[in-house]
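The structure appears right after this line, and notes come after that.
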Amino acid sequence: MVIEKICCLGAGYVGGPTCSVIALKCPNIQVTVCDKSVERINQWNSDKLPIYEPGLDDVVRQCRGRNLFFSTDIAKSIQEADLIFISVNTPTKTFGNGKGRAADLKYVESAARMIADLATSNKIVVEKSTVPVKAAEIIMKILRANTKPGVEYQILSNPEFLAEGTAIVDLVEAERVLIGGEDTVDGQKAIKELCWVYEHWIPAKNILTTNTWSSELSKLAANAFLAQRISSINSLSAVCEATGADVSEVARAVGRDSRIGPKFLEASIGFGGSCFQKDILNLIYLCECLNLPEVAAYWQQVLNLNDYQKARFTRKVIESLFNTVSDKKIAILGFSFKKNTGDTRESPAIHVSTTLLDEGAKLHIYDPKVEPDQIFYELTSPYVTSEPEKVKSNVEIHDTAYSAVTGAHAIVLCTEWDEFKMLDFKKIYEVMMKPAYIFDGRKILNHEALQNIGFHVQTIGKRLSRAGSIRAQGSQTMP
Ligand code: NAI
């Protein structure tokens, strides 16, 4: 089979960018990205795409209407396609068995059932969503139990390693593409077909092929290792604050060891995003189901440390502001879970904001790419508050950082957007209440310059002289 048409089920953060890049690099393949959400597809077909990702607009502009299409006509797209990516969401289960830990595979299952219902010719079905090990078996069982005469399926695992904020570069210059399949003649043939698609732009040496289960587990393992690095350096940031060591210096020294390497050693208020927490919970649940409680406990600690870090930072804000933020105006700079994305899923800013709101603060929030509705959605969700109306009355969203900080007692920087480094802090100091506090949760500002202006500054993993908090003045002990 030569792949001429690709269909992708799920037009989200993964399906959209991945298929746009495939369309860009494979002009001979027609790529249709489908979603059951009409609104999402309309946005993909408009000038304002549903997700912000540097470089994405350009790729979509080049390919849309040529060999890239966004459609809600799932039936037609499935029927025409030679290869189908399943790129639907796999959130953590919020009910029943495995609640709060297991991956909810209902969307993957419904995608498989749609394919089984609609397909009228042979298909290669590619599991791109992040799933627990053995999930491909579910897809296989559904498809093969519903096979029509003349229709055969091959199921591959092809997890996605892109990171939001750098998705286009990650896809165009992928360090590796991972493809897992069955160890049968037909399985190996299907792997070759998918390799052929990627070989349009990825050097063959960067394409790894494995069995299906190794491929599924490698995705969970990669995210667990990455999150573990963040939790490791964050754990040391607490030691630095307690001793006078500087976590940036420690990270630089440790990262010089080529066995360790310098990347992903940036201490912060903790990791967020839709994947790390979800995928590690998924791994933990898998370990428990496999009766491996020690392994489960090991990975659970990576998540515990992340919760500790978010709570520790917020506690520091409150303690520094004389142990009360009630009715104080606090500016939150940045709400997305990291820079260069508008995605707020599991953003540490949610934890920080919610805790400050619980303590009676008035929040003034600014983020360059997150829509106001999205911020209200996160802060009024039943998971974080039972009083959504009260939250709404205590939160104001701003369209510039300067308007958010006017009259504020403190600035809490939650996301490392580059534009925050360029702010005129002299001007900001003038319009803030005094003493004026800045809590730099991402270690991106020039702390000395801020102190020279007159700010009281606190950050992660470093004790600043003249921090000016009651804690720094010795009336409280470090946690
Ligand atoms: P998302 O929530 O942004 O997008 C998923 C889309 O699938 C939604 O628009 C939803 O309406 C659609 N959908 C659900 N069921 C459908 C069906 N039966 N037919 C058609 N459309 C359907 O999710 P996102 O972030 O794109 O993640 C997708 C998968 O990729 C998840 O398993 C995730 O863990 C994984 N992943 C995510 C990464 C990220 O950075 N967001 C990176 C790597 C993997």
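Before moving on, here are some points about what is shown:
- Qualifying positions in the range 246-273 - within 16 Å of the ligand (Cβ to nearest atom) and open to solvent by 20 Å² or more (accessible area, probe 1.4 Å): F264
Residues checked against (1) in the same structural domain as D358 (by TED's automatic domain parsing); (2) crowded, with 17+ Cβ neighbours inside 10 Å; (3) of a type outside the set (K, R); (4) in contact with a Ser or Thr (Cβ under 9 Å, 6 or more places away or on another chain):
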{"site": "V384", "(1), (2), (3), (4)": "yes, yes, yes, yes"}
{"site": "E430", "(1), (2), (3), (4)": "yes, no, yes, no"}
{"site": "N446", "(1), (2), (3), (4)": "yes, no, yes, no"}
{"site": "N452", "(1), (2), (3), (4)": "yes, no, yes, no"}
{"site": "T459", "(1), (2), (3), (4)": "yes, yes, yes, no"}
{"site": "K462", "(1), (2), (3), (4)": "yes, yes, no, yes"}
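- Of all the criteria given as (1) closer than 22 Å to V457 by Cα; (2) buried (at least 22 other Cβ atoms within 10 Å of the Cβ), the one not satisfied by N323 is (2).
- Selection status of K338, closer than 15 Å to L413 by Cα, in contact (Cβ under 8 Å) with a residue 12 or more places away in the chain and open to solvent by 10 Å² or more (accessible area, probe 1.4 Å): yes
- Residue check, I191 open to solvent by less than 70 Å² (accessible area, probe 1.4 Å) and either assigned to a loop (DSSP other than H, G, I, E, B) or in contact with a Leu (Cβ under 7 Å, 6 or more places away or on another chain) (or both): yes
- Taking the range 33-48 as the range and being within 13 Å of the ligand (Cβ to nearest atom) and surrounded by fewer than 19 Cβ atoms within 10 Å (Cβ to Cβ) as the test, the residues that pass are K36, S37, V38, E39, N42, Q43.
Okay, residues lined up against (1) within 15 Å of the ligand (Cβ to nearest atom); (2) in a helix (DSSP H, G or I); (3) modelled with pLDDT under 95; (4) not hydroxyl-bearing (S, T, Y):
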| position | (1), (2), (3), (4) |
| --- | --- |
| L162 | yes, no, no, yes |
| D186 | no, yes, no, yes |
| C195 | no, yes, no, yes |
| I202 | no, no, no, yes |
| S215 | yes, yes, no, no |
| A221 | yes, yes, no, yes |
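- Any hit, the range 123-131, residues being away from the ligand (no atom under 15 Å from the Cβ), over 29 Å from I51 (Cα atoms) and not basic (K, R): no
- Selection within the range 1-32 - within 12 Å of the ligand (Cβ to nearest atom), under 17 Å from T72 (Cβ atoms) and either in contact with a strand residue (DSSP E or B) (Cβ under 9 Å, 6 or more places away or on another chain) or not assigned by TED's automatic domain parsing to the domain that holds V59 (or both): C7, C8, L9, G10, A11, G15, G16, C19, T32
- Remark: pairs (first residue in the range 223-249, of a type in the set (S, T, Y); second residue open to solvent by less than 50 Å² (accessible area, probe 1.4 Å); Cβ separation under 6 Å; 6+ apart in sequence or on different chains) = S231/V302; S231/L305; S231/N306; S235/L305; S237/V247; S237/A267; S237/I460; S237/G461.
- Cβ separations smaller than 7 Å between residues 6+ apart or across chains give the following pairs from the range 66-89 residues that are assigned by TED's automatic domain parsing to the domain that holds E127 to residues that are open to solvent by 70 Å² or more (accessible area, probe 1.4 Å) and away from the ligand (no atom under 11 Å from the Cβ): N67/P27; F70/N45; Q79/T120; D82/M1; D82/E4.
The values are calculated or read from the model by the stated rules, or taken from the named source; none is laboratory data. These figures come from a predicted structure and were not determined experimentally. For neighbour counting, all protein chains shown are included, and Cβ atoms are generated from backbone atoms with ideal geometry for every residue, glycine included. To get the accessible areas, we keep the full protein, side chains included, count just its heavy atoms, and leave off ligands, DNA and RNA. Shrake-Rupley method; radii C 1.70, N 1.55, O 1.52, S 1.80 Å.
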